[in-house]
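The values are calculated or read from the model by the stated rules, or taken from the named source; none is laboratory data. Predicted model only: the values in this text are computed from it and were never measured. Every residue, glycine as well, gets a Cβ built from its backbone with ideal geometry; the counts of neighbours run over all protein chains shown. With ligands, DNA and RNA removed, areas are computed over all heavy atoms of the protein, side chains included. Shrake-Rupley method; radii C 1.70, N 1.55, O 1.52, S 1.80 Å.
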Amino acid sequence: FDAESGIFYLPAKGYEAEALPEVVTEGELNFAKRLFVNDLLFDFPFATGADRDNAIALCVLGAVREMIGGSTPNHAVEASIRSAGKGKLARACAGIFAGDELASVPPLETEKEWKDMITSELLSGTPAVLVDNIERPLRSAALAVAWTEPFWKDRLFHKQQMARLPISCIWITTANNMLMHEDLMTRSIRIRLEPQTSRPEARTGFKHED
């Protein structure tokens with residue numbers, strides 16, 4: 001327990017963390033890069049190198065999120081065709097820091113539903129929220145606030161009381177050829193997959209098989 005931050009750390013049974021070096025060497029940086037590029041993300045068909053780099057940034061964001069004051073942009077994981085692996089990619093990246101606590105929610109219809117979802121997830125303290133398989137153009141003033149502002153203000157459920165909650169979770173959305181209002185687009189970082197086949201579910205030869 002760290003009294004200054006209020007954080008209680010209880011590692012999984014049998015887990016042993018490696019010692020952190022005082023100075024990070026070039027060799028250690030290259031080793032970390034290989035873990036991402038040649039291992040964790042190797043089988044995903046990124047559209048460009050920038051899309052892959054944005055996926056790496058999502059992987060490491062959880063480690064530094066507490067050092068960032070306010071919100072961080074949404075990570076829009078999209079694919080050119082269904083079954084490209086966008087959901088698996090989102091969970092591979094976010095699972096590093098969120099694990100089983102990754103909250104997955106379906107796309108919502110009304111602004112009230114979006115507001116209620118945001119309030120609920122922030123109250124729960126979830127480290128990441130995944131809005132999965134968006135099928136229609138995405139537009140929500142509530143999401144625009146949650147992806148931009150440092151605090152969220154809303155009335156608590158069934159109470160005459162307002163809550164002011166810090167926005168410290170990481171936001172991820174997935175869709176095929178994602179469409180969203182420009183207010184949300186400018187608050188998002190693209191991670192696009194483009195498998196070079198009309199039947200991505202039939203692909204074989206993965207480095208890491210399920």
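Filtered by the rule that a residue be under 17 Å from Thr173 (Cβ atoms), open to solvent by less than 40 Å² (accessible area, probe 1.4 Å) and touching a Phe, Trp or Tyr at 6+ places or on another chain (Cβ under 8 Å), region 63-82 gives Ser71, Thr72, Asn74, His75. When each of Phe206, Phe151 is tested for being more than 21 Å from Asp51 (Cα to Cα) and aromatic (Phe, Trp, Tyr), the lone residue that passes is Phe151.
List the strands (runs of 3 or more DSSP E) inside region 113-210, counting only whole elements, that have at least 2 residues being over 27 Å from Gly99 (Cβ atoms).
151-155, 162-166
For every residue, the table says whether it meets (1) among the basic types (Lys, Arg); (2) modelled with pLDDT of 85 or more; (3) out of contact with any helix residue (DSSP H, G or I) (no Cβ under 9 Å at 6 or more places or on another chain).
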| position | (1), (2), (3) |
| --- | --- |
| Tyr9 | no, no, yes |
| Val23 | no, yes, yes |
| Phe36 | no, yes, no |
| Pro45 | no, yes, no |
| Arg52 | yes, yes, no |
| Ser83 | no, yes, no |
| Ala94 | no, yes, no |
| Pro106 | no, yes, yes |
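Against the criterion of being within 18 Å of Ala128 (Cβ to Cβ) and in contact with an Asp or Glu (Cβ under 7 Å, 6 or more places away or on another chain), Ser80 does not qualify. Note on region 88-103: among residues that are open to solvent by less than 20 Å² (accessible area, probe 1.4 Å), assigned to a helix (DSSP H, G or I) and among the small types (Gly, Ala, Ser), the one that is farthest from Ala47 (Cα to Cα) is Ala98.
Within region 166-192, the set of residues being open to solvent by less than 30 Å² (accessible area, probe 1.4 Å) and free of Cβ contacts under 8 Å to residues at least 40 places away in the same chain is empty. Checking region 109-129 against the condition returns no match, with no residue being under 15 Å from the mean Cα position of the chain (by Cα), aromatic (Phe, Trp, Tyr) and within 20 Å of Met185 (Cβ to Cβ). With respect to (1) within 25 Å of Asp183 (Cα to Cα); (2) open to solvent by 30 Å² or more (accessible area, probe 1.4 Å); (3) of a type in the set (Gly, Ala, Ser), the lone exception for Ala12 is condition (1).
Pairs linking a residue in region 19-42 that is farther than 25 Å from Gly85 by Cβ to a residue that is in a helix (DSSP H, G or I) and open to solvent by less than 90 Å² (accessible area, probe 1.4 Å), with Cβ atoms under 7 Å and 6 or more positions apart or on different chains, are Pro21/Glu28. Within the option set Asp39, Asp100, Asp51, Asp43, being charged (D, E, K, R) and under 15 Å from Met178 (Cβ atoms) holds for one residue only, Asp51.
Scan region 50-59 for residues that are under 23 Å from Leu143 (Cα atoms) and either open to solvent by 20 Å² or more (accessible area, probe 1.4 Å) or touching a Gly at 6+ places or on another chain (Cβ under 9 Å) (or both) and report the count. So the count comes out to 2. Could you list, in sequence order, the residues of region 53-80 that are of a type outside the set (A, V, I, L, M) and either part of a strand (DSSP E or B) or free of Cβ contacts under 8 Å to residues at least 24 places away in the same chain (or both)? Within region 53-80, Asp53, Asn74, His75, Glu78 qualify. As for region 132-154, it holds no residue that is under 20 Å from Leu193 (Cα atoms), open to solvent by less than 60 Å² (accessible area, probe 1.4 Å) and among the polar types (S, T, N, Q).
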